[in-house]
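Peer 1: Below is the structure I would like to discuss, written out as structure tokens.
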Amino acid sequence: AVAFPFYAIPYFDVQNRAVLVAVAATPTLIGFRCLEALYGFSPPAVEDSLWHYCIYYSSVIEFVFDDKTRLPAVASKGEVYGKGKTFAINFVVSCLLLSFMEAFDYRPFQYDIEDNGGMHCFSRFIHPGHIANNFLSAVSTSLTISTGTVAFGFGICALFGIRTLDVFDNPMFGSTSVSDFWGRRWNRLVHGVLKRGVYKPVRKQSNSKTIAALAAFIASGALHEYIL
């Protein structure tokens, strides 16, 4: 599975960046989910039946299970409409923002500081223009990934009527702290598979929160390096 993108991308001559990320990310998610299943850290309802097990592990986007019935939660018409609306808005805004940034070579806020090393180099990194450019790049990245995951979720909700996890929860503008940003709003899909597929198994084997956190951090770095 890990080698799949190295064969599929050149064979199909994939050029679109969003598709490239999706093709590279899928095998890594499969690997982490295999680990969570191997060590018994799948969500409780997943183990209730073969059907639950199959639909959970066959979908890129996680299904939401009802805590009371332990069945896949039914998506209401309002939720389906909401995901479709979110996808449409994210898609339009993402396209407009990317087009705007592309026109300025992803540096719409120009600044000119001679790089002579030392404090001059440091000044370049804290310059308001540099910070603004990076912020727009971060917003663009968040919107692009969010658009792709919402599209998958909307498709599943509309076709099968099953509620799916909201992978991004307005992390750039809704976060109240660093922990809120990384732990509850930014890419909750990856956060979940790292927690169940790396952190919990390592903590169980080592009985150490520090070692488990370090393992999850290293796995996250390897994951992003592999995808990028």
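The values are calculated or read from the model by the stated rules, or taken from the named source; none is laboratory data. Not measured: the values here are computed from a predicted model. Here the Cβ positions follow ideal geometry from the backbone for every residue, glycine too, while neighbour counts run over all protein chains shown. With ligands, DNA and RNA removed, areas are computed over all heavy atoms of the protein, side chains included. Shrake-Rupley method; radii C 1.70, N 1.55, O 1.52, S 1.80 Å.
Peer 1: 222 nm [θ] for the chain, helices only, -39500 (n - 2.57) per DSSP H run of 4+, per residue, to 500?
Peer 2: -20500 deg cm²/dmol
Peer 1: Along the stretch 79-95, what does the Karplus equation 6.51 cos²θ - 1.76 cosθ + 1.60 (θ = phi - 60°) give for ³J(HN,Hα), rounded to whole Hz, x for Gly and Pro?
Peer 2: Values per residue, Gly and Pro as x: 5, 5, 4, x, 5, x, 5, 4, 4, 4, 5, 4, 5, 5, 5, 4, 5 Hz.
Peer 1: Give me the net charge of residue 155's neighbourhood, meaning all other residues with Cβ under 15 Å from the Cβ of residue 155; Lys, Arg count +1, Asp, Glu -1.
Peer 2: Summing Lys and Arg as +1 and Asp and Glu as -1 gives 0.
Peer 1: Per residue, what volume in Å³ does the convex hull of the Cα atoms of the chain enclose?
Peer 2: 178
Peer 1: Work out, step by step, the length gained on full extension between residue 217 and residue 7: first 0.36 nm times the residue separation, then minus their alpha carbon distance; give nm to one decimal. Walk me through the numbers on the way to the answer.
Peer 2: Working: separation 210, 0.36 × 210 = 75.60 nm, distance 2.79 nm.
Gain on extension, residue 217 to residue 7, equals 72.8 nm.
Peer 1: From the alpha carbon gyration tensor of the stretch 182-226, can you work out the equivalent ellipsoid semi-axes (sqrt of 5 times each eigenvalue) and give them in Å, largest to smallest?
Peer 2: 18, 12, 8
Peer 1: Would you mind estimating how fast the stretch 93-228 diffuses translationally, via Stokes-Einstein at 25 °C and 0.890 mPa s with the Kirkwood radius over Cα pairs, in µm²/s?
Peer 2: 138
Peer 1: Could you tell me how far the Cα centroid of the stretch 146-167 sits from the Cα centroid of the stretch 1-77, in Å?
Peer 2: Centre-to-centre (Cα) distance: 13 Å.
Peer 1: Still on this structure, I have one more. In percent, how large is the relative contact order of the stretch 1-129, given Cα pairs closer than 8 Å and 6 or more residues apart?
Peer 2: Normalised by residue count, the contact order of the stretch 1-129 is 11 percent.
Peer 1: Enumerate the amide H contacts of residue 187 below 5 Å, restricted to partners 5 or more residues apart or on another chain; note that Pro and chain-start residues carry no placed amide H.
Peer 2: Result for residue 187 returns 169.
Peer 1: Then there is this: Determine the dipole magnitude for the chain: charges of +1 sit on the beta-carbon of Lys and Arg, -1 on that of Asp and Glu, nothing else is charged, the reference point is the Cα centre, and the result goes in debye to the nearest 20. Walk me through the intermediate numbers first.
Peer 2: Values: 19 positive and 17 negative charges, 154 e Å.
Result for the chain is approximately 740 debye, rounded to the nearest 20.
Peer 1: While we're on this one: If you roll a 1.4 Å probe over the stretch 1-105 with all protein chains in place, what percent of the accessible area is carbon or sulfur? Display every interim value, and only then the final one.
Peer 2: Working: 4720 of 6820 Å².
Reported share for carbon and sulfur atoms: 69 percent.
Peer 1: Follow-up question, since we're still on this one. Over the stretch 135-178, with the other protein chains present, what is the accessible area per residue in square angstrom, probe 1.4 angstrom? Intermediate values should be presented prior to the final figure.
Peer 2: Details: 2150 Å² over 44 residues.
Accessible area per residue, the stretch 135-178: 49 Å².
Peer 1: Please list, in order along the stretch 125-131, the HN-Hα scalar couplings obtained from phi with the Karplus expression 6.51 cos²θ - 1.76 cosθ + 1.60 (θ = phi - 60°), rounded to whole Hz, x for Gly and Pro.
Peer 2: Computed from phi, the couplings for the stretch 125-131 are 6, 9, 5, x, x, 5, 5 Hz.
Peer 1: Under the Kirkwood approximation for Rh and a Cα-based Rg, what ratio Rg/Rh is obtained for the stretch 42-142?
Peer 2: My calculation of the ratio gives 1.27.
Peer 1: Output ³J(HN,Hα) for the stretch 180-196: one whole-Hz value per residue in order, computed from phi by the Karplus curve 6.51 cos²θ - 1.76 cosθ + 1.60 with θ = phi - 60°, and x for Gly and Pro.
Peer 2: In residue order, the calculated couplings are 5, 4, 7, x, 10, 10, 8, 6, 5, 5, 5, 4, x, 6, 5, 5, 7 Hz.
Peer 1: Please list, in chain and number order, the residues 5+ apart from residue 74 or on another chain whose amide H is under 5 Å from its amide H, with Hs placed from the backbone.
Peer 2: Here 163 satisfy the definition.
Peer 1: Lys/Arg Cβ at +1, Asp/Glu Cβ at -1, dipole of the stretch 1-101 taken about the Cα centre: which of 76, 97, 20 is farthest positive-ward?
Peer 2: The one lying farthest along the dipole's positive direction is 97.
Peer 1: Here's another thing I want to ask about it. Report, as a whole number in µm² per second, the diffusion coefficient that Stokes-Einstein gives for the stretch 1-93 at 4 °C and 1.567 mPa s using the Kirkwood radius over alpha carbon pairs.
Peer 2: For the chosen part, D equals 82 µm²/s.
Peer 1: Please tell me the relative contact order of the chain in percent, rounded to the nearest whole number, where contacts are Cα pairs under 8 Å and at least six residues apart.
Peer 2: Worked out over the chain, it gives 25 percent.
Peer 1: Mind checking which of 215, 22, 103 has the largest fluctuation in a GNM of the chain, springs on alpha carbons under 10 Å?
Peer 2: Highest fluctuation of the listed residues: 103.
Peer 1: Also, quick follow-up: Filter the chymotrypsin sites (Phe, Trp or Tyr not before Pro) in the stretch 66-163 down to the DSSP loop ones having no more than 16 other Cβ atoms within 10 Å, then list what survives.
Peer 2: Numbers: sites: 81, 87, 91, 100, 104, 106, 109, 111, 122, 125, 135, 152, 154, 160; in loops: 104, 106, 109, 111.
Here the chymotrypsin sites (Phe, Trp or Tyr not before Pro) that fit, given the DSSP loop and packing criteria, are 104, 106, 109, 111.
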